[in-house]
Each structure stands twice: as C-alpha cells, then as structure tokens.
Amino acid sequence: MSPARMSRYLQATGFDTRKAMTLYRKNLKLSQEMFTLISCFEIALRNKINDQYMEQHGKDWLQDSVSHNGFFNTEKCKRTKSIVVKLLNSRDINSHTKLLASLDFGFWRYLFAQPQFYAGGQCLLKVFPLKPRSSASIQFNQSFIFNKLKSINDLRNRIAHHEPICFKPFLPMICTKNSVEHYNLIIELFRWMDIDESGFLYGLDHVLSLCDEINNYRL
C-alpha cells in the first residue's frame, strides 16, 4: 500500500503498523458488507418501482416511457430519457428484464426527483406503504425519499472509489457513526417497503459487529 493511502490509518492507530494494517483490512470488510447491503436494497427498490409502474403504465413501461408520447419524453426528463434510450440502442438489451438490470442506483433515485416523479404519475410513494405519515414538522414526501436515497447513493459511490468509511470526515480519527447511520437508514427503508429485512439479509449482515470491532481500535 502507498504511504499516502496508509497515512490516515497510521495516524489513527498511533503509528502502530500492525494495528494500521488490521484497521485497513477491517475497513475493507466493512465496505464489502455495506456495499452488499446497499446492493440488496437497490434490487428491492428497483423491483418495487417496477411493480408499481407496471401496474400504472403496463409491462413495457420503460420502453414506452421514452417513446414519442412517453411520460419521460419531456425537456425536464431528458436526462432520464437519454439513459434509457442509450441502453435500448445497445445490442445486449433485448428484454424489459435486462433493461431493468442495466440501470444503476442513480437512475432509480432520480425517479423520486420532482420532474420524474410528477411525469410518472405521482404514484411511487406507494413503494413505501409503511412510511410514517407526514406532519407539520416533517413531510415524508418524494423529496424526503429522494434525499435519503441520495445519501445512500453517495455512500455507495465512496465505497466504489475505495474511500475509507471508518473515519470521521477528513480526519484521521476512527469513527463508524456515519456507517451506522446509513445502515439504520437502509433497514428503516426496507421496513417502509414492507420487506422482512432480517430474512432478506440472512447471513449477509454483520455491519454493526464490524463497526464494534473497528471502534475498539480507537486511541
């Protein structure tokens, strides 16, 4: 490992080389666990959205959405349309199922952005049938969901770019608070979708125990 990559781990462990390498490996393990959790959540979210839009717009809703009269064929949704059209023009995409699987987390997140949400018929909050009711202090609307999904997507991208998730932001100090908060958010959203997350993630979820292990290395 390069000195630049290991510097933060060394500072966080009092320049104990063995502890620094152990912390590095545990961060990798935590990143793997979180990425797996986020991937499972992405699949569940995608399938729930697909079920809702198939009911609302028909079994070929994605292809139809970018057609001449499609609901994404608007100026405000042109980025969403361009993503789908590019995939449809690919030789590898020959079914609705393959098209679904080829779209990334960011695409599904942006279906809760205001232009896409309204273009699609304002029905996607049905994906979260057990979400709390809105109140004067907090609105559990599509903007709320969009922002929560953005937070999860940002963490996913950090992990994908090999950024550590076991430190305080910008500091060489061990802290798994951010990872735990994202973990709790994902579990909460699973429950809002009326999904038994414990059964779905059986044998895959060791995030909190890994966070405890990492926190034991704090100075």
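A few remarks follow.
- Stretchable slack from residue 95 to residue 168, in nm (0.36 nm times residue separation minus alpha-carbon distance): 21.9 nm
- Under-5 Å amide H pairs with residue 167, H placed in peptide plane, nonlocal only: 175
- When the Cα convex hull of segment 28-104 is projected onto planes of every orientation, the mean area is 6.2 nm².
- Seen against the Cα atoms of the chain and their longest principal axis, helix 142-160 is set at about 50 degrees.
- Degrees separating the helix 177-192 axis from the principal Cα axis of the chain, which is the longest one: 30
- Flagged links, alpha-carbon separation over 19 Å, of 131/177; 59/98; 48/131: 131/177
- Relative pair counts by distance (%), Cα atoms of segment 77-159, 10 Å bins: 15, 40, 33, 9, 2, 0
- Surface accessible to a 1.4 Å probe, per residue, for the residues of segment 89-219, Å²: 56
- Listed residue (67, 30, 93) projecting farthest to the positive dipole end of the chain, Cβ model: 30
- Helical mean residue ellipticity (222 nm; -39500 (n - 2.57) per DSSP H run of 4+; nearest 500) of the chain: -19000 deg cm²/dmol
- Quotient of Cα Rg and 2.2 N^0.38 Å for segment 85-219, N being how many residues it contains: 1.26
- Segment 135-149 and segment 95-121 have Cα centres spaced 18 Å apart.
- Most fluctuating residue given options 55, 33, 42, as computed from a GNM of the chain linking Cα atoms under 10 Å: 55
- Folded to 0 to 90 degrees: helix 17-57 orientation relative to the chain principal axis, Cα: 10
- Whole-Hz couplings from phi, Karplus 6.51/-1.76/1.60, listed for segment 166-171; x for Gly and Pro: 10, 10, 5, x, 6, 10
The values are calculated or read from the model by the stated rules, or taken from the named source; none is laboratory data. Here the structure is a predicted model, which is why all the values come from computation and not from measurement. Ideal geometry is used to build each Cβ from the backbone, glycine not excepted, and the neighbour counts take in all protein chains shown. Please note that ligands, DNA and RNA were not included when accessible areas were found on the heavy atoms of the full protein model with its side chains. Shrake-Rupley method; radii C 1.70, N 1.55, O 1.52, S 1.80 Å.
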